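These notes are about the structure you will find just below.
What follows is calculated from the coordinates using simple rules that are stated; it is not laboratory data. All figures in this text were calculated on a predicted structure; none of them were measured in a lab. Reconstructed Cβ throughout: ideal geometry from the backbone, glycine too, with neighbour counts over all protein chains shown.
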Amino acid sequence: MLTNMNILSKSFQDLKGKWGLALLITLIFIIINTGLSHFGMIAIVNTIGLNLNLDAQMPLAFEFTAQAMLYVLLFLLAYALISGAMTLGYMKTILQNTTKKTLDANMLISGFPSILKVFAINILTAIFVILWSLLLIIPGIIAAISYSQSLFVLAENPTVSPLDAIRKSKAMMKGYKWKWFGMILILLIFLLLVGAVISYLAKFVITQDMPYHQLIIGNLPSLVIIPVAYTVLSNFYEGVKAESTKKASTKK
């Protein structure tokens, strides 16, 4: 398997000559996720603001508050489902580029047929990590790393069940947890530096009188950071998958 630095280098090679399309796909991905959360929260605040009447009698005020909380829960559920499907679609898009060297914007919506499986994987991994964390924080971190490849497994195998995706990720990550941890540290350091530089330079281009200037500056680094990060993670997945397959064939 490639070293972590070689994985980072290969990821830049995978994006070479495709930055324009990669940035466009990432922009669509960010707009949908950010727009959904931004306007959804505005709708929730407006709903709560309209429903909470401080002059009303307590039973009536409580009824409206409960209704507002229901709206919040429904929004969070809808956001988790749509965001999860979009994330899986983005992972499929980047994974296709790392394996077949092609970027296809239409792949961005390819995660919606597996929308419930993504949600189930996210819920199950969260539950498992929390349960392991009840023992100590370290077992929780180890569990999170073990399950880190679950969505990539689903991205490549849409028919796999959520539990099987988690099991395959756990088996795949045996012996590679420290390597993944080191990869994430390298990636975080690199992305923090890139993000800081882009945010600093953006202040000279994007003026305060521009609409949503803070939102633009805040998300601008993500245009570069997200495709690099997902390409690195895709290459890591391909590496551990190949090693896992090699080990399985050796045992036979």
query = Which value in nm describes the separation of the simple spin-label points at ILE186 and ALA202, placed 7 Å from the Cα toward the beta carbon?
reply = 2.6
ask   = For segment 74-86, what does the Karplus curve 6.51 cos²θ - 1.76 cosθ + 1.60, with θ = phi - 60°, yield as ³J(HN,Hα) per residue in whole Hz, taken in order and with x for Gly and Pro?
value = 5, 5, 4, 5, 4, 5, 4, 5, 5, 4, x, 5, 5
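If you add up the charges near ILE25, with Lys and Arg at +1 and Asp and Glu at -1, over every other residue whose beta carbon is less than 12 angstrom from its beta carbon, what do you get? Write down the numbers at each step before the final one.
On the way: positive: LYS18, LYS92; negative: ASP104.
It works out to a net charge of +1.
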note = Counting Lys and Arg as +1 and Asp and Glu as -1 over every other residue whose Cβ sits under 14 Å from the Cβ of THR98, the net charge comes to +3
Prolate/oblate/rounded call for segment 64-140, Cα gyration tensor, a/c under 1.5 rounded = oblate
query = Which ³J(HN,Hα) values, rounded to whole Hz and listed in residue order, are derived for segment 87-99 from phi using the Karplus coefficients 6.51, -1.76 and 1.60 in 6.51 cos²θ - 1.76 cosθ + 1.60 with θ = phi - 60°, glycine and proline given as x?
reply = 5, 5, x, 5, 4, 4, 4, 6, 5, 5, 5, 6, 9
task = At 0.36 nm per residue, minus the direct Cα-Cα distance, what do ILE127 and ALA248 gain on full extension? Give it in nm, one decimal, please.
result = 40.7 nm
ask   = Can you flag which of LYS18/LYS92; LYS18/LYS117; LYS168/LYS246; LYS100/LYS241; LYS16/LYS246 are past 21 Å Cα-Cα?
value = LYS18/LYS117; LYS16/LYS246
message = Using a 10 Å cut-off around each Cβ, can you sort THR125, THR34, THR102 from fewest to most neighbouring Cβ atoms?
response = THR102, THR34, THR125
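Under the 0.36 nm per residue contour assumption, what length would be gained going from the current alpha-carbon distance of VAL194 and ILE141 to full extension?
Working: separation 53, 0.36 × 53 = 19.08 nm, distance 2.63 nm.
Full extension from VAL194 to ILE141 adds 16.5 nm.
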